[in-house]
1. With θ taken as phi - 60° and the coefficients 6.51, -1.76 and 1.60, list the Karplus ³J(HN,Hα) couplings across region 66-82 in order, rounded to whole Hz; mark glycine and proline as x.
2. Mind checking the full-extension length gain between LYS110 and LYS135? Use 0.36 nm per residue of separation minus the Cα-Cα distance, one decimal, nm.
3. Does a label point 7 Å from the Cα of LYS220, set along Cα-to-beta-carbon, have any residues of region 159-180 with amide nitrogen under 20 Å, and which are they?
4. Over all directions, what mean area does the Cα convex hull of region 174-217 project, stated in square nanometres?
5. Per residue of region 96-112, in order, report the coupling 6.51 cos²θ - 1.76 cosθ + 1.60 (Karplus, θ = phi - 60°) as ³J(HN,Hα) in whole Hz, putting x for Gly and Pro.
6. Over 32 Å between Cα atoms, which of LYS110/LYS225; LYS65/LYS220; LYS162/LYS182; LYS110/LYS161; LYS113/LYS190; LYS112/LYS182 qualify?
7. Label-point separation (nm) for LYS192 and LYS77, each offset 7 Å from Cα along Cα-to-Cβ?
8. When the Cα atoms of region 111-174 are enclosed in a convex hull and the volume is divided per residue, what value in Å³ results?
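Here, each number is a calculation from the coordinates, and none is a lab measurement. This is a predicted model, so every value here is computed, not measured. Note that each Cβ is placed from the backbone with ideal geometry, even for glycine, and that neighbours are counted across all protein chains shown.
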Amino acid sequence: MNKIFRNLGLIIILITISSCAVKMPLSDNYYTNQKKVGVVYLIDSIRVYREGSQGLLDVALTPGKRFKEPLQIVDKKINPTNEIKGLYEGIFSAKGKPLKEIQFDYDVKKLKKFEKPSSSKKKYHKYDLRSLKDKGVDELLIVSVSYGLLVSYYGMIETGKKGNSHIASEIIDLTDNSIVFKGYSDSVEKIKGKWKTPPEYENLANSISNAISKTINLEKTKFNK
């Protein structure tokens, strides 16, 4: 269980960092060039997230197992993988810009940090991804997705539960590792009624599904230039 909560805490930190990171909107003429784009999807499994004033000790003591089976049941119906992939494939296809999914292990422990040119004012991806040009692409779109149940706390007291969804996306020019686009989309949705309604957990499923749909719509507006 301790491992579960360590992972949970790490994900919350990552979401917070991405939410505070610098954003770069897509340029109005982005789709006019014919650079080939590779896409890597980093879609996390459904899980529990937390917000509030809990400390690390509180997290370790929080009973999270009760959500595991319900979320697994819900995920069989609402897993957003195909919808997420369809979002970007549909947009890029409509714009006439080549997009293909590539296999790449985006492991920060294995990636080399990029050394930014001292005289450049461009923004660069933290890790050097230029070698991916060997896969026949000129740019790389990285899509990171997390979704599940967001539980709010005040100390050790649960104060609420919501469906939660987060998408962070970034496009990197593989010629020089510079960032072409960077943004994120977040949504939360209140659970209407009780969350614990076995065997299908409809209320829980609806809240997470609605959060995912809203996030996808927000992301769509960022790419529909």
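1. Running phi through 6.51 cos²θ - 1.76 cosθ + 1.60 with θ = phi - 60° gives 5, 8, 4, 5, x, 5, 5, 5, 4, 5, 5, 9, 10, 3, x, 3, 5 Hz.
2. Additional length available on full extension: 7.2 nm.
3. 164-170
4. 4.6 nm²
5. After applying 6.51 cos²θ - 1.76 cosθ + 1.60, I find x, 10, x, 9, 9, 6, 10, 8, 8, 8, 7, 10, 4, 6, 9, 7, 8 Hz.
6. Over 32 Å Cα-Cα: LYS110/LYS225; LYS65/LYS220; LYS110/LYS161; LYS113/LYS190.
7. 1.4 nm
8. Dividing the Cα hull volume of region 111-174 by its residues yields 161 Å³.
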